[in-house]
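Novice: Provided herewith is a single structure, encoded as structure tokens, for subsequent inquiry.
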Amino acid sequence: MSLRALCLSTICISSLLAGTRGPAVSVASASEASPVQQKAKTASASGAQPAASPKKDTAPKDAKDADAGGHEDIVVTAARKNRMYVTSGGDLGALGNKKGLDVPFNIRSYNSSLILNQQSQTLGDVLLNDPTVRTTMGYGNYAQLFQIRGFTLYGDDVAIDGLYGVTPRQLVSPQLYDSVQVLNGASAFLNGAAPGGSAIGGNVNLIPKRAAATDITRITGDYTSSGQGGGAFDISRRFGKDHAFGFRFNAAGMDGETPIKGERHDDVALGAEFDWHNEDTRINMNMNYQKQQVFGGRSAIIVSSLAAGMPAPRATAPSENWGQRWAYTDLAYLFGTLNIEHDFGEHITAYGKFGAQSGNEMGNYATTTLTNSHTGDGTVGAMADAYNVMNQATQAGVRAHVTTGPIRHEFNAGGSAIWEESDSAYAMSLTPQAGNIYHPTQFTPAETFTGGNLSNPGRVAWNKLYSLFLSDTMTFWHDRIALTGGFRYQDILSDSFDYGSGKLNTHYNAAAFSPVIGLVIHPVSNVSLYFNRIQGLSAGQTVGSTYVNAGQVFAPYQSTQYEVGAKYDVGRFAAGVAFFQTSMPYGLTEAYGNTGQSIYTQDGRQRNQGMELTLNGEIVRGLRFNGGLTLIDAKQMHTAGGTYNGKTVIGIPNYTINGNLEYDVPFIKGLTLVGRVISTGKQQFNNANTAHLPAWSRFDLGARYTFLAAQKPLTARFEVDNIGNQRYWASVYQSDLVMGDPETFKFSISADL
């Protein structure tokens, strides 16, 4: 009997990531082992993952377990197969790709199975699954920002293949990626200083899809309320002797009205990957194009103009849109990476990575400033903006494995560089219009004040970051103890230029050392206890002319993190708990004696401490869970004049909870029920802590069903986000108040041909 006939006779199939379970006879996987698994040091060298070779597999355990690819099952047969949407481990920059159980850091990877099954349309949709991350919005536009351990991660500082500066900086289409990796905690040693100056509490790294070991031809059609239609195409092939060559192509798009009144999205994402390998060398390259447009979008509300003592406004209807119909953003990016690795014998691997991005952004933004939270009155400003970026990033290094007596060493040495050029121009209205968030009105913008030429933006920023790193991980006592020590030397150069004239405004050039120490102890094989001390790093300031210390150049801001934790991982189920404290300095303006003048210092200080609990895997057969809990106490420790000392930092919830549950219905083969809860604690609304946003919870429900049609596996998915259309303010980031999403219906169907 043929494999196909046997599958038909037992009605036991599953589409990619369908999550169904049933008896069977073989497994056809859409993204199985990659050639990174051939060699002992491939995955740990740079996280690059070309496809598998049938010759031999000499990869170490940690490289295999940390493989970012490999959960897209097309036909499941023979036995019940564990589906892990979330795995512990990922790319740790200078240390390479590692299994989470073996490193003194908290890192998780969300794979493409989850992205497909949850019909994620933005990176923020993927990170809705993480109990340690919350998504918010930036000033004026529709860019997604992320909060990890209470610190901001800008879209500019999301990495691809471990390289900063390559990712589209406002919105990210997740359909191009095989894995979204979340690292909790500071990472100046691991990844270097982020060019945007964030990533103090953690970072996000995207791994592009690679050519799979088994051919894929997958077509997906989808619909999202209130009127968005779209689809995706995914093809993967391996060819040549020993399948040494690989190719993968992805295309996804969606267009139509969102559930927010008058808001329309138009998204296109294209990605092509090529790879080649032999016994000693692995090369992969990916090129991507992303274009996202938002028309009539609802932006955040500025609340900094509210009088002292004003409470947070009551939440509007979830679908209410206080934006203007003429507002829009047009974001287009061309970007890609190249990874090369070569093994010099069994003990030394050299690697190099290069990435680049060319981005063009154009928009006309309507920004609402609230002046009365009781009535909803405020003003609406108009600003057109053109912003172009040309970024390049590279990293190279060597990894050596040496044994000295009872101690095994893994040495990592290398360097990185980032070059970023930004061109920009703007036009704005100096006379804002009256508005109201509960009763929005429309007006025609009149933008008369300009900076530069919108049709030909000039250079406004030029940033260069160079670094060198060195580390030694010593493993001893039968691999039960691993001690890591190292440092990174980081040099930050940053110039800003005047809009229009191009005149140099400020020049910054400073350097710093960022040390790291980490300890891992395995009391038993599936358990580890760990500790780390690591720093975050961002550029300091060049003091402006209005201060008595004008012209002073400060060293980079160095935040310091201490973390202890424990992990448990048996493959089908993993759990972790971490306790952390991070102290971050920031700029502060204070009175200079009795002179009536002010002095600018870096003496401000914020301290975040808390606990993270993460759980993911199969609880019992057919029942899977991922999620957890975060508790945070974020305090202002040193403020101007001590006014707010001891007060909670604006917009950092005291707790966040996520729970995602999947259940394979045993009496209906192919049917899986899914549910998710997202809960966020109260957030302070102002520095004085006299008002706060109330805690909120949101519930999502859905199902998917896998079946055969014309002997081809199909998977249908249906999901409703924010059941009951709960109204809530999702976050208040600095002075920007962000509304929660309305009830949203999603439907998609995928066919593997």
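Novice: So, in segment 699-723, of the ones that are outside any strand (DSSP E or B) and at pLDDT 95 or above, which residue ends up farthest from Pro313 (Cα to Cα)?
Specialist: Filtering segment 699-723 for residues outside any strand (DSSP E or B) gives 710-711, 722-723.
From what's left, at pLDDT 95 or above: 722-723.
Values: Asn722: 21, Ile723: 23 Å.
In this case the residue turns out to be Ile723.
Novice: When residues of segment 284-308 are filtered for being out of contact with any Pro (no Cβ under 6 Å at 6 or more places or on another chain), over 21 Å from Asn321 (Cβ atoms) and at pLDDT 95 or above, how many remain?
Specialist: 5
Novice: Among (1) touching a Lys or Arg at 6+ places or on another chain (Cβ under 9 Å); (2) aliphatic (A, V, I, L, M); (3) over 17 Å from Asn660 (Cβ atoms), there is one condition Leu153 misses while meeting the rest; what is its number?
Specialist: If we test Leu153 against (1) touching a Lys or Arg at 6+ places or on another chain (Cβ under 9 Å); (2) aliphatic (A, V, I, L, M); (3) over 17 Å from Asn660 (Cβ atoms), just (1) comes out false.
Novice: Of the conditions (1) touching a helix residue (DSSP H, G or I) at 6+ places or on another chain (Cβ under 7 Å); (2) closer than 27 Å to Arg264 by Cα, Lys209 fails just one. Which one is it?
Specialist: (2)
Novice: Right, next: Surrounded by 19 or more Cβ atoms within 10 Å (Cβ to Cβ) and at pLDDT below 95: is that true of Tyr592 in this structure?
Specialist: It is false that Tyr592 is surrounded by 19 or more Cβ atoms within 10 Å (Cβ to Cβ) and at pLDDT below 95.
Novice: Separate question: Return the residues of segment 660-690 that are within 25 Å of the chain's Cα centre (by Cα) and buried (at least 18 other Cβ atoms within 10 Å of the Cβ); say none if nothing qualifies. Step through it out loud before you land on a result.
Specialist: Our first condition is that a residue be within 25 Å of the chain's Cα centre (by Cα); within segment 660-690, this holds for 660-662, 674-684.
Passing the criteria: Asn660, Glu662, Val674, Arg676, Ile678, Thr680, Gly681, Gln683, Gln684.
Novice: Assuming Asp330 fulfils every condition listed in (1) in a strand (DSSP E or B); (2) surrounded by 17 or more Cβ atoms within 10 Å (Cβ to Cβ); (3) not aliphatic (A, V, I, L, M) apart from one, which condition is it?
Specialist: (2)
Novice: Please pick out the residue among Gly540, Gly518, Gly536 that is touching a Leu at 6+ places or on another chain (Cβ under 8 Å), closer than 22 Å to Gly202 by Cβ and not aromatic (Phe, Trp, Tyr).
Specialist: On the way: Gly540 fails: touching a Leu at 6+ places or on another chain (Cβ under 8 Å); Gly536 fails: touching a Leu at 6+ places or on another chain (Cβ under 8 Å).
Of the residues listed, the single one that is touching a Leu at 6+ places or on another chain (Cβ under 8 Å), closer than 22 Å to Gly202 by Cβ and not aromatic (Phe, Trp, Tyr) is Gly518.
Novice: Which count do you get for residues in segment 133-164 that are part of a loop (DSSP other than H, G, I, E, B) and of a type in the set (A, V, I, L, M)?
Specialist: Adding up the residues that qualify gives 2.
Novice: Cβ-Cβ below 7 Å, separation at least six or inter-chain, first residue in segment 460-475 and farther than 29 Å from Ala400 by Cα, second among the small types (Gly, Ala, Ser): which pairs?
Specialist: Cβ pairs passing all conditions: Val460/Ser422; Val460/Ser424; Val460/Ser496; Ala461/Ser422; Ala461/Ser496; Asn463/Ser494.
Novice: Filter segment 603-622 down to residues that are in a strand (DSSP E or B), touching a residue at least 40 places away in the same chain (Cβ under 8 Å) and not β-branched (Val, Ile, Thr), then give me how many there are.
Specialist: Step one: list which residues in segment 603-622 are in a strand (DSSP E or B), which gives 603-620.
Filter once more, keeping what is touching a residue at least 40 places away in the same chain (Cβ under 8 Å): 606, 608, 610, 612-619.
Now drop any that are not not β-branched (Val, Ile, Thr), which leaves 606, 608, 610, 612-613, 615-618.
Looking only at that region, the number is 9.
The values are calculated or read from the model by the stated rules, or taken from the named source; none is laboratory data. From a predicted model like this one, the values you see are computed outputs, not experimental measurements. Positions of Cβ are backbone-derived with ideal geometry, glycine not excepted, and every protein chain shown enters the neighbour counts.
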